[in-house]
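Participant: This structure is in C-alpha coordinates; I'll ask about it shortly.
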Amino acid sequence: MTVPTIALNNQTTIPQLGFGVFQVPPEETAEVTGQALEVGYRHIDTAQMYGNEAGVGEALRSSGLPREDLYVTSKLNNGFHEPDDARRSFDETLTRLGLDRIDLFLIHWPLPTRYGGDFVSTWRALAEFVEDGRATSIGVSNFQPDHLDRIVDETGVVPAVNQIEVHPYFGNEAVRAASAKLGIAVEAWSPIAQGAVLDDEVITGIAAAHGRTPSQVTLRWHVQRGDIVFPKTTHVERMRENFEIFDFSLTADEMAAITALDRGEDGRRGPNPDTMDWIPE
Ligand SMILES: NC(=O)c1ccc[n+]([C@@H]2O[C@H](COP(=O)([O-])OP(=O)(O)OC[C@H]3O[C@@H](n4cnc5c(N)ncnc54)[C@H](OP(=O)(O)O)[C@@H]3O)[C@@H](O)[C@H]2O)c1
(Lines give C-alpha, C1' and ligand atoms only; values in the text may rest on other atoms or scores of the structure.)
Protein backbone atom coordinates (compact mmCIF):
# COMPACT_ATOMS: atom_id res chain seq x y z
CA MET A 1 0.00 0.00 0.00
CA THR A 2 1.51 3.34 -1.03
CA VAL A 3 0.51 6.29 1.11
CA PRO A 4 -0.04 9.49 -0.92
CA THR A 5 1.68 12.69 0.11
CA ILE A 6 0.14 16.12 0.56
CA ALA A 7 2.08 19.18 -0.61
CA LEU A 8 2.58 21.77 2.12
CA ASN A 9 2.98 25.50 1.49
CA ASN A 10 6.76 25.40 1.92
CA GLN A 11 7.71 23.04 -0.94
CA THR A 12 7.74 19.99 1.35
CA THR A 13 5.37 17.04 1.50
CA ILE A 14 3.78 15.01 4.29
CA PRO A 15 2.40 11.44 4.15
CA GLN A 16 -1.39 11.78 4.21
CA LEU A 17 -1.76 8.83 6.60
CA GLY A 18 0.22 8.57 9.79
CA PHE A 19 0.09 6.98 13.22
CA GLY A 20 -0.96 8.94 16.33
CA VAL A 21 0.35 8.06 19.79
CA PHE A 22 -1.93 10.13 22.06
CA GLN A 23 -2.77 8.01 25.13
CA VAL A 24 -0.26 5.31 24.23
CA PRO A 25 1.39 4.66 27.62
CA PRO A 26 5.04 5.81 27.61
CA GLU A 27 6.32 2.35 28.58
CA GLU A 28 4.50 0.78 25.61
CA THR A 29 5.24 3.46 23.04
CA ALA A 30 8.48 2.02 21.66
CA GLU A 31 6.85 -1.36 21.02
CA VAL A 32 3.57 0.04 19.63
CA THR A 33 5.32 2.56 17.38
CA GLY A 34 7.72 -0.15 16.22
CA GLN A 35 4.73 -2.30 15.21
CA ALA A 36 3.22 0.63 13.29
CA LEU A 37 6.49 1.15 11.42
CA GLU A 38 6.54 -2.56 10.62
CA VAL A 39 3.00 -2.34 9.21
CA GLY A 40 4.21 0.47 6.95
CA TYR A 41 3.40 3.75 8.69
CA ARG A 42 6.17 6.32 8.16
CA HIS A 43 4.53 9.37 9.73
CA ILE A 44 4.29 9.52 13.54
CA ASP A 45 2.35 12.16 15.46
CA THR A 46 3.42 12.71 19.08
CA ALA A 47 3.52 15.67 21.49
CA GLN A 48 5.45 16.85 24.52
CA MET A 49 2.26 16.48 26.59
CA TYR A 50 1.80 12.82 25.57
CA GLY A 51 4.94 12.02 27.61
CA ASN A 52 6.03 9.41 25.07
CA GLU A 53 8.48 11.15 22.70
CA ALA A 54 11.34 9.02 24.07
CA GLY A 55 9.47 5.82 23.13
CA VAL A 56 8.88 7.16 19.63
CA GLY A 57 12.60 7.96 19.35
CA GLU A 58 13.53 4.47 20.49
CA ALA A 59 11.24 2.91 17.86
CA LEU A 60 12.63 5.14 15.09
CA ARG A 61 16.18 4.10 15.97
CA SER A 62 15.44 0.37 16.31
CA SER A 63 13.53 0.33 13.02
CA GLY A 64 16.74 0.93 11.10
CA LEU A 65 14.69 2.95 8.59
CA PRO A 66 16.52 5.79 6.84
CA ARG A 67 15.76 9.20 8.35
CA GLU A 68 14.54 10.54 5.01
CA ASP A 69 11.79 7.88 4.91
CA LEU A 70 10.34 9.03 8.24
CA TYR A 71 8.08 11.97 9.05
CA VAL A 72 7.93 13.00 12.70
CA THR A 73 5.67 15.60 14.32
CA SER A 74 5.66 16.85 17.90
CA LYS A 75 3.90 19.70 19.67
CA LEU A 76 4.65 22.30 22.31
CA ASN A 77 3.50 21.70 25.90
CA ASN A 78 0.79 24.18 26.99
CA GLY A 79 3.03 25.20 29.89
CA PHE A 80 5.88 26.30 27.60
CA HIS A 81 4.44 29.17 25.55
CA GLU A 82 6.97 31.71 26.86
CA PRO A 83 9.59 31.92 24.08
CA ASP A 84 12.49 30.80 26.29
CA ASP A 85 10.48 27.82 27.52
CA ALA A 86 9.54 26.97 23.93
CA ARG A 87 13.22 27.07 22.92
CA ARG A 88 14.36 24.91 25.86
CA SER A 89 11.56 22.38 25.44
CA PHE A 90 12.16 22.14 21.70
CA ASP A 91 15.80 21.20 22.43
CA GLU A 92 14.51 18.53 24.83
CA THR A 93 12.06 17.20 22.24
CA LEU A 94 14.90 16.67 19.77
CA THR A 95 16.95 14.95 22.46
CA ARG A 96 14.09 12.64 23.48
CA LEU A 97 13.37 11.77 19.84
CA GLY A 98 17.09 11.30 19.17
CA LEU A 99 16.84 13.58 16.12
CA ASP A 100 18.81 16.63 15.08
CA ARG A 101 15.87 17.79 12.95
CA ILE A 102 12.11 17.33 13.29
CA ASP A 103 9.80 17.35 10.27
CA LEU A 104 6.99 19.31 11.89
CA PHE A 105 6.60 21.11 15.22
CA LEU A 106 3.27 22.61 16.31
CA ILE A 107 1.85 24.94 18.94
CA HIS A 108 -0.50 22.38 20.53
CA TRP A 109 -3.24 24.82 21.70
CA PRO A 110 -3.61 28.58 21.22
CA LEU A 111 -4.64 29.17 24.88
CA PRO A 112 -6.14 32.59 24.09
CA THR A 113 -7.05 33.17 27.76
CA ARG A 114 -3.49 32.45 28.98
CA TYR A 115 -0.17 34.28 28.59
CA GLY A 116 -2.03 37.60 28.26
CA GLY A 117 -3.55 36.28 25.04
CA ASP A 118 -0.12 36.25 23.37
CA PHE A 119 0.50 33.23 21.17
CA VAL A 120 2.28 35.43 18.62
CA SER A 121 5.62 35.52 20.43
CA THR A 122 5.38 31.73 20.81
CA TRP A 123 4.86 31.46 17.06
CA ARG A 124 7.91 33.69 16.43
CA ALA A 125 9.99 31.31 18.61
CA LEU A 126 8.91 28.35 16.47
CA ALA A 127 9.92 30.29 13.34
CA GLU A 128 13.49 30.37 14.72
CA PHE A 129 13.58 26.55 14.60
CA VAL A 130 12.94 26.64 10.85
CA GLU A 131 15.58 29.34 10.39
CA ASP A 132 18.23 27.30 12.21
CA GLY A 133 17.28 24.14 10.28
CA ARG A 134 16.11 22.09 13.25
CA ALA A 135 12.46 22.06 12.10
CA THR A 136 11.60 21.48 8.45
CA SER A 137 8.08 22.83 8.95
CA ILE A 138 6.13 24.49 11.73
CA GLY A 139 2.42 24.69 12.25
CA VAL A 140 -0.35 25.06 14.75
CA SER A 141 -3.04 22.93 16.32
CA ASN A 142 -6.53 23.88 17.45
CA PHE A 143 -6.22 27.38 16.00
CA GLN A 144 -9.53 29.08 15.20
CA PRO A 145 -9.82 31.35 12.13
CA ASP A 146 -9.09 34.53 14.12
CA HIS A 147 -6.01 32.92 15.68
CA LEU A 148 -4.72 31.98 12.23
CA ASP A 149 -5.32 35.48 10.86
CA ARG A 150 -3.54 37.02 13.80
CA ILE A 151 -0.29 35.07 13.55
CA VAL A 152 -0.17 35.48 9.77
CA ASP A 153 -0.91 39.23 9.94
CA GLU A 154 1.55 39.90 12.76
CA THR A 155 4.46 37.71 11.63
CA GLY A 156 3.99 37.00 7.92
CA VAL A 157 4.85 33.37 8.70
CA VAL A 158 2.08 31.05 7.47
CA PRO A 159 1.73 27.73 9.34
CA ALA A 160 2.23 24.64 7.18
CA VAL A 161 -0.64 22.82 8.91
CA ASN A 162 -3.50 23.35 11.35
CA GLN A 163 -4.19 20.16 13.31
CA ILE A 164 -7.83 20.29 14.43
CA GLU A 165 -10.62 18.00 15.61
CA VAL A 166 -12.47 16.66 12.54
CA HIS A 167 -14.62 13.54 12.13
CA PRO A 168 -18.05 12.74 10.73
CA TYR A 169 -19.83 14.06 13.85
CA PHE A 170 -17.75 17.26 13.89
CA GLY A 171 -16.94 18.53 10.40
CA ASN A 172 -15.31 21.73 11.73
CA GLU A 173 -15.98 23.21 8.29
CA ALA A 174 -15.40 26.89 9.13
CA VAL A 175 -11.91 26.18 10.46
CA ARG A 176 -11.14 23.85 7.53
CA ALA A 177 -12.20 26.57 5.10
CA ALA A 178 -10.24 29.32 6.88
CA SER A 179 -7.14 27.11 6.87
CA ALA A 180 -7.54 26.28 3.18
CA LYS A 181 -7.98 29.95 2.31
CA LEU A 182 -4.57 30.68 3.83
CA GLY A 183 -2.95 27.68 2.10
CA ILE A 184 -2.68 25.75 5.38
CA ALA A 185 -3.12 21.96 5.19
CA VAL A 186 -5.65 20.43 7.59
CA GLU A 187 -4.73 17.55 9.87
CA ALA A 188 -7.84 15.87 11.30
CA TRP A 189 -7.37 14.69 14.89
CA SER A 190 -9.55 11.97 16.44
CA PRO A 191 -10.46 11.00 12.86
CA ILE A 192 -12.72 8.14 13.97
CA ALA A 193 -13.99 10.19 16.94
CA GLN A 194 -12.12 7.80 19.25
CA GLY A 195 -14.40 5.03 18.01
CA ALA A 196 -17.71 6.89 18.48
CA VAL A 197 -18.64 6.90 14.77
CA LEU A 198 -17.91 3.22 14.16
CA ASP A 199 -21.41 1.95 14.94
CA ASP A 200 -23.21 4.73 13.08
CA GLU A 201 -25.72 3.15 10.69
CA VAL A 202 -24.76 5.35 7.75
CA ILE A 203 -21.13 4.37 8.14
CA THR A 204 -21.76 0.67 8.82
CA GLY A 205 -24.09 0.60 5.78
CA ILE A 206 -21.45 2.09 3.48
CA ALA A 207 -18.84 -0.25 4.97
CA ALA A 208 -21.00 -3.30 4.24
CA ALA A 209 -21.55 -2.13 0.64
CA HIS A 210 -17.76 -2.01 0.10
CA GLY A 211 -16.82 -5.06 2.16
CA ARG A 212 -14.76 -2.72 4.35
CA THR A 213 -14.81 -1.81 8.03
CA PRO A 214 -16.41 1.35 9.48
CA SER A 215 -12.95 2.63 10.45
CA GLN A 216 -11.64 2.19 6.90
CA VAL A 217 -14.67 3.98 5.45
CA THR A 218 -14.32 6.88 7.89
CA LEU A 219 -10.59 7.27 7.22
CA ARG A 220 -11.25 7.04 3.47
CA TRP A 221 -13.82 9.87 3.82
CA HIS A 222 -11.09 12.06 5.39
CA VAL A 223 -8.48 11.35 2.74
CA GLN A 224 -10.94 11.94 -0.08
CA ARG A 225 -11.62 15.37 1.50
CA GLY A 226 -7.89 16.02 1.28
CA ASP A 227 -7.17 16.05 5.02
CA ILE A 228 -4.22 14.37 6.73
CA VAL A 229 -5.04 11.67 9.35
CA PHE A 230 -3.16 9.63 11.96
CA PRO A 231 -5.49 7.22 13.76
CA LYS A 232 -4.27 5.76 17.04
CA THR A 233 -4.49 2.12 18.06
CA THR A 234 -2.45 -0.19 20.22
CA HIS A 235 -3.68 -3.26 18.28
CA VAL A 236 -1.60 -4.51 15.35
CA GLU A 237 -4.60 -5.84 13.42
CA ARG A 238 -6.24 -2.41 13.65
CA MET A 239 -3.00 -0.75 12.53
CA ARG A 240 -3.17 -2.92 9.39
CA GLU A 241 -6.87 -2.26 8.92
CA ASN A 242 -6.45 1.52 9.23
CA PHE A 243 -3.52 1.42 6.79
CA GLU A 244 -5.50 -0.25 4.00
CA ILE A 245 -7.58 2.65 2.75
CA PHE A 246 -6.00 3.48 -0.60
CA ASP A 247 -7.40 0.64 -2.70
CA PHE A 248 -11.07 1.64 -2.75
CA SER A 249 -13.04 4.85 -3.02
CA LEU A 250 -16.34 6.30 -1.88
CA THR A 251 -18.87 7.71 -4.32
CA ALA A 252 -19.92 11.35 -4.19
CA ASP A 253 -23.23 10.28 -2.62
CA GLU A 254 -21.46 8.22 0.06
CA MET A 255 -19.13 11.14 0.80
CA ALA A 256 -22.13 13.48 1.12
CA ALA A 257 -24.01 11.04 3.38
CA ILE A 258 -21.05 10.90 5.80
CA THR A 259 -20.55 14.67 5.68
CA ALA A 260 -24.25 15.09 6.55
CA LEU A 261 -23.66 13.34 9.91
CA ASP A 262 -22.11 16.61 11.18
CA ARG A 263 -23.66 17.58 14.53
CA GLY A 264 -21.99 20.96 14.74
CA GLU A 265 -20.71 21.99 18.19
CA ASP A 266 -22.64 19.08 19.75
CA GLY A 267 -20.39 16.68 17.87
CA ARG A 268 -17.18 18.01 19.42
CA ARG A 269 -15.41 15.46 21.63
CA GLY A 270 -12.46 17.54 22.76
CA PRO A 271 -12.25 21.00 24.34
CA ASN A 272 -13.28 24.18 22.53
CA PRO A 273 -10.02 25.96 21.59
CA ASP A 274 -11.48 29.37 22.50
CA THR A 275 -11.84 28.38 26.15
CA MET A 276 -9.32 25.53 26.54
CA ASP A 277 -6.87 26.78 29.20
CA TRP A 278 -5.41 23.62 30.72
CA ILE A 279 -1.74 23.67 31.62
CA PRO A 280 -0.14 20.48 32.99
CA GLU A 281 1.23 20.69 36.55
N1 LIG B 1 -3.71 18.23 18.48
C2 LIG B 1 -4.57 17.79 19.36
O3 LIG B 1 -5.06 18.54 20.22
C4 LIG B 1 -4.95 16.33 19.33
C5 LIG B 1 -6.00 15.87 20.13
C6 LIG B 1 -6.35 14.51 20.05
C7 LIG B 1 -5.65 13.67 19.20
N8 LIG B 1 -4.60 14.15 18.44
C9 LIG B 1 -3.83 13.28 17.53
O10 LIG B 1 -4.73 12.53 16.73
C11 LIG B 1 -4.45 11.13 16.91
C12 LIG B 1 -5.70 10.31 16.74
O13 LIG B 1 -6.73 10.78 17.61
P14 LIG B 1 -7.26 9.94 18.88
O15 LIG B 1 -6.20 9.04 19.37
O16 LIG B 1 -7.82 10.93 19.84
O17 LIG B 1 -8.53 9.16 18.32
P18 LIG B 1 -8.85 8.21 17.08
O19 LIG B 1 -7.64 7.90 16.30
O20 LIG B 1 -10.03 8.83 16.39
O21 LIG B 1 -9.40 6.90 17.81
C22 LIG B 1 -8.59 6.11 18.62
C23 LIG B 1 -9.49 5.09 19.34
O24 LIG B 1 -10.15 4.26 18.38
C25 LIG B 1 -9.78 2.89 18.58
N26 LIG B 1 -9.53 2.33 17.24
C27 LIG B 1 -8.52 2.67 16.39
N28 LIG B 1 -8.62 1.97 15.23
C29 LIG B 1 -9.73 1.21 15.36
C30 LIG B 1 -10.35 0.27 14.50
N31 LIG B 1 -9.85 0.02 13.29
N32 LIG B 1 -11.48 -0.34 14.93
C33 LIG B 1 -11.99 -0.09 16.15
N34 LIG B 1 -11.44 0.80 17.02
C35 LIG B 1 -10.31 1.43 16.62
C36 LIG B 1 -8.56 2.90 19.47
O37 LIG B 1 -8.58 1.79 20.33
P38 LIG B 1 -7.31 0.83 20.61
O39 LIG B 1 -6.09 1.70 20.81
O40 LIG B 1 -7.72 0.11 21.86
O41 LIG B 1 -7.21 -0.08 19.42
C42 LIG B 1 -8.74 4.18 20.26
O43 LIG B 1 -9.59 3.94 21.38
C44 LIG B 1 -3.84 11.08 18.31
O45 LIG B 1 -3.17 9.86 18.57
C46 LIG B 1 -2.95 12.28 18.28
O47 LIG B 1 -1.78 12.00 17.54
C48 LIG B 1 -4.26 15.47 18.50
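Participant: Hey, among TRP109, TRP123, which residue is hydrophobic (A, V, I, L, M, F, W, C) and not in a loop (DSSP other than H, G, I, E, B)?
Facilitator: Going through TRP109, TRP123 in turn, the sole match is TRP123.
Participant: Within the range 241-261, how many residues are open to solvent by less than 70 Å² (accessible area, probe 1.4 Å), part of a loop (DSSP other than H, G, I, E, B) and within 16 Å of the ligand (Cβ to nearest atom)?
Facilitator: 4
Participant: OK, next. Sort through LEU111, LEU99, LEU148 and tell me the only one that's farther than 17 Å from TYR71 by Cα, hydrophobic (A, V, I, L, M, F, W, C) and in contact with a strand residue (DSSP E or B) (Cβ under 9 Å, 6 or more places away or on another chain).
Facilitator: Answer to the check: LEU148.
Participant: Right, next: Specify which of the listed residues (ILE151, ILE203) is away from the ligand (no atom under 15 Å from the Cβ) and surrounded by 23 or more Cβ atoms within 10 Å (Cβ to Cβ).
Facilitator: Unique residue meeting the criteria: ILE151.
Participant: Something else now. Can you pull out every residue in the range 206-228 that is within 7 Å of the ligand (Cβ to nearest atom) and more than 19 Å from the chain's Cα centre (by Cα)?
Facilitator: Once the filter is applied, which keeps residues that are within 7 Å of the ligand (Cβ to nearest atom) and more than 19 Å from the chain's Cα centre (by Cα), the range 206-228 yields only THR213.
Participant: Among what's in the range 262-276 and is among the charged types (D, E, K, R) and surrounded by 13 or more Cβ atoms within 10 Å (Cβ to Cβ), pick the residue that is farthest from ARG220 (Cα to Cα).
Facilitator: ASP274
Participant: Only one residue in VAL161, VAL166, VAL120 is in contact with a helix residue (DSSP H, G or I) (Cβ under 6 Å, 6 or more places away or on another chain) and at pLDDT 95 or above. Which one?
Facilitator: None of the other options fit; the residue is VAL120.
Participant: Just checking, how many residues over the range 183-192 are surrounded by 15 or more Cβ atoms within 10 Å (Cβ to Cβ) and assigned to a loop (DSSP other than H, G, I, E, B)?
Facilitator: Total satisfying the criteria: 4.
Participant: Would you pick out the residues in the range 157-177 that are buried (at least 19 other Cβ atoms within 10 Å of the Cβ), among the aliphatic types (A, V, I, L, M) and either away from the ligand (no atom under 12 Å from the Cβ) or part of a strand (DSSP E or B) (or both)?
Facilitator: Residues satisfying the conditions are ALA160, VAL161, ILE164, VAL175.
Participant: Looking only at the range 95-118, which residues are open to solvent by less than 20 Å² (accessible area, probe 1.4 Å) and either touching a Cys at 6+ places or on another chain (Cβ under 7 Å) or more than 24 Å from ALA188 (Cα to Cα) (or both)?
Facilitator: Scanning the range 95-118 gives a single hit, GLY117.
Participant: A follow-up question, please. Any residue in the range 154-166 that is touching a residue at least 40 places away in the same chain (Cβ under 8 Å) and more than 14 Å from ASN10 (Cβ to Cβ) sitting within a Cβ distance under 6 Å of a residue that is among the aromatic types (Phe, Trp, Tyr) and within 10 Å of the ligand (Cβ to nearest atom)? List the pairs, counting only those 6 or more apart or interchain.
Facilitator: These pairs meet every condition: GLN163/TRP189; GLU165/TRP189.
Participant: Out of everything in the range 229-240 that is in contact with a helix residue (DSSP H, G or I) (Cβ under 8 Å, 6 or more places away or on another chain) and within 19 Å of VAL166 (Cα to Cα), what residue ends up being farthest from the ligand (Cβ to nearest atom)?
Facilitator: So, considering only residues that are in contact with a helix residue (DSSP H, G or I) (Cβ under 8 Å, 6 or more places away or on another chain) and within 19 Å of VAL166 (Cα to Cα), the one farthest from the ligand (Cβ to nearest atom) is VAL229.
Participant: Are there any pairs, at least 6 apart or on different chains, whose C-beta atoms fall under 6 Å, with the first in the range 250-276 and more than 20 Å from GLN194 (Cβ to Cβ) and the second within 16 Å of the ligand (Cβ to nearest atom) and at pLDDT 95 or above, and if so, which?
Facilitator: LEU250/ARG220; GLU254/ILE206
The values are calculated or read from the model by the stated rules, or taken from the named source; none is laboratory data. Everything numeric in this text was worked out from a predicted model, so none of it was measured. For neighbour counting, all protein chains shown are included, and Cβ atoms are generated from backbone atoms with ideal geometry for every residue, glycine included. The accessibility values were calculated without ligands, DNA or RNA, using every heavy atom of the protein model including side chains. Shrake-Rupley method; radii C 1.70, N 1.55, O 1.52, S 1.80 Å.
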